Amino acid sequence: MLADFCSLSRLVSTLSVVAALAGCSSSGSVRQTNGPELMQKEEALVMPPPGGPAIVGVVGRARGNGEQQTVHLATSSSVPGQNYFRIEFHGGSGAADAPALAYRTLSEASLRREMAAAIPSARLVRSSEFLQNAYGPFGYAAGRGASGDACLYGWQQIRSRSTSGGIGRDFGMIQIRVRLCDSHATERQLLNVMYGYTVTGSFAGEIWNPYGRPGEVDSRIGQTGKPIYPAADAPPQAMTFGYSPPARTFRPAVPERMADAGGESAPAAVTRIEGPRVPLPEPGAVAAQAVPSPAPAAEAGKVAGAAAVIVPSPDCIGATVMKAACTNKGY
């Protein structure tokens, strides 16, 4: 029994030493988890239109099958929340140790949940018009907050239409969400952002192209006997990108007037502001008048037959007055 106990004790001691050595052999380096990461503004996968709103921060996260980013935008609104672009690239490969992005179809129920989560304090109404920007069709809902600020929530899915016609090509997809609230902009100005933003990211490999094949070239190009003339009436640009607060004009305040018993208006009472006082001239003195032609300095403050107004010294104004100095100078 004693021998078995000693053998067991030596075995336990040996295992302890082996475990300690294994722990010492590891590097012990700190490993950052695959979570959200603060990125530079230049790394944004989607850019707002020229003129704003400006980018204030970018938070990205690598996924098992793509990339996800939230591009935070400058916000000038009393509606709680931050303006943003949210973009998701659904591709074939990404971070090996990160969860994959789940594909979500665009449905009425899911869009209502997204809008309620993005702008809970405003009632948004979905537009029934068919709209399309450079990347294809998109939709949006707009409304106003409690303080009258204009709000918009837009969505777009960029996906090639040729996926059903071929095998192993154009499998990539981009999901975009836009949340905007502004106290200085109108609904039309917020809608301009949906037309003016630019997707700067792309997939590695033609197989994941989400935009589809480019359109065919005009058949007249390079052909003999088929002239091409300049467009006579080119359509003007109907949408302007960006928005800015309107210029503020300041107007002088008009004093309130109240009517008296006789029907005539009289100025309202004015509150007197206490401060340094300047003694008025004697009743017989006449204020100096402007002289049309240049006059000597000695006669600048005098008019024929009238005494000039005497401006008192600062020592003679206020609570503490030097009487001797003022008397000697004639004040």
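The values are calculated or read from the model by the stated rules, or taken from the named source; none is laboratory data. The structure displayed is predicted, hence computed values, not measured ones. Here the Cβ is made from the backbone with ideal geometry for all residues, glycine too, and neighbour counts use every protein chain on show.
Exactly one residue among Leu111, Leu101 is within 15 Å of Gln68 (Cα to Cα) and either touching a Lys or Arg at 6+ places or on another chain (Cβ under 8 Å) or of a type in the set (Val, Ile, Thr) (or both), and that residue is Leu101. As a summary of the residue check, Arg161 satisfies the conditions (1) at pLDDT 90 or above; (2) part of a loop (DSSP other than H, G, I, E, B); (3) among the basic types (Lys, Arg) except for the one numbered (1).
Of the residues screened, Gly172 is not one that is among the small types (Gly, Ala, Ser), modelled with pLDDT of 80 or more and surrounded by fewer than 16 Cβ atoms within 10 Å (Cβ to Cβ).
When the stretch 185-227 is limited to residues that are in contact with a strand residue (DSSP E or B) (Cβ under 8 Å, 6 or more places away or on another chain) and either charged (D, E, K, R) or modelled with pLDDT under 90 (or both), the one that is nearest to Asn83 (Cα to Cα) turns out to be Glu187. Restricting attention to the stretch 141-157, does a residue exist that is among the polar types (S, T, N, Q) and more than 20 Å from Ile55 (Cβ to Cβ)? Checked the stretch 141-157: at least one residue is among the polar types (S, T, N, Q) and more than 20 Å from Ile55 (Cβ to Cβ).
Across the stretch 190-216, the number of residues qualifying as more than 16 Å from Leu124 (Cα to Cα) and assigned to a helix (DSSP H, G or I) comes to 8.
Number of residues in the stretch 106-131 that are of a type in the set (A, V, I, L, M), touching a residue at least 12 places away in the same chain (Cβ under 8 Å) and part of a helix (DSSP H, G or I): the value is 3. State whether the residues of the stretch 231-247 include one that is part of a loop (DSSP other than H, G, I, E, B) and modelled with pLDDT of 70 or more. Yes, the stretch 231-247 contains a residue that is part of a loop (DSSP other than H, G, I, E, B) and modelled with pLDDT of 70 or more.
Hey, can you tell me all the residues within the stretch 91-114 that are surrounded by 12 or more Cβ atoms within 10 Å (Cβ to Cβ) and either over 14 Å from Arg177 (Cβ atoms) or of a type in the set (Val, Ile, Thr) (or both)? Once the filter is applied, which keeps residues that are surrounded by 12 or more Cβ atoms within 10 Å (Cβ to Cβ) and either over 14 Å from Arg177 (Cβ atoms) or of a type in the set (Val, Ile, Thr) (or both), the stretch 91-114 yields Gly91, Gly92, Ser93, Gly94, Ala95, Ala98, Pro99, Ala100. A search for C-beta distances below 8 Å between a residue of the stretch 171-188 that is over 15 Å from Tyr135 (Cα atoms) and any residue that is modelled with pLDDT of 95 or more and basic (Lys, Arg), counting only pairs 6+ apart in sequence or on different chains, returns Arg179/Arg86.
Yes/no per residue for (1) without any contact (Cβ under 8 Å) to a residue 60 or more places away in the chain; (2) among the charged types (D, E, K, R); (3) part of a loop (DSSP other than H, G, I, E, B); (4) farther than 22 Å from Arg159 by Cα:
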| residue | (1), (2), (3), (4) |
| --- | --- |
| Glu67 | no, yes, no, no |
| His72 | yes, no, no, yes |
| Val79 | no, no, yes, yes |
| Phe85 | no, no, no, no |
| Glu88 | no, yes, no, no |
| Asp97 | no, yes, yes, yes |
| Arg104 | no, yes, yes, no |
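If I filter the stretch 121-149 down to residues being under 23 Å from the mean Cα position of the chain (by Cα), surrounded by 13 or more Cβ atoms within 10 Å (Cβ to Cβ) and of a type in the set (A, V, I, L, M, F, W, C), which single residue comes out as farthest from Gly215 (Cα to Cα)? It comes out as Ala122.
Within the stretch 132-148, the residues that satisfy the criterion of being in contact (Cβ under 8 Å) with a residue 40 or more places away in the chain and part of a strand (DSSP E or B) are Asn133, Phe138, Tyr140, Ala142. Of everything listed in (1) over 18 Å from Met194 (Cβ atoms); (2) over 20 Å from the mean Cα position of the chain (by Cα); (3) surrounded by fewer than 18 Cβ atoms within 10 Å (Cβ to Cβ), the single unmet condition for Pro80 is (2).
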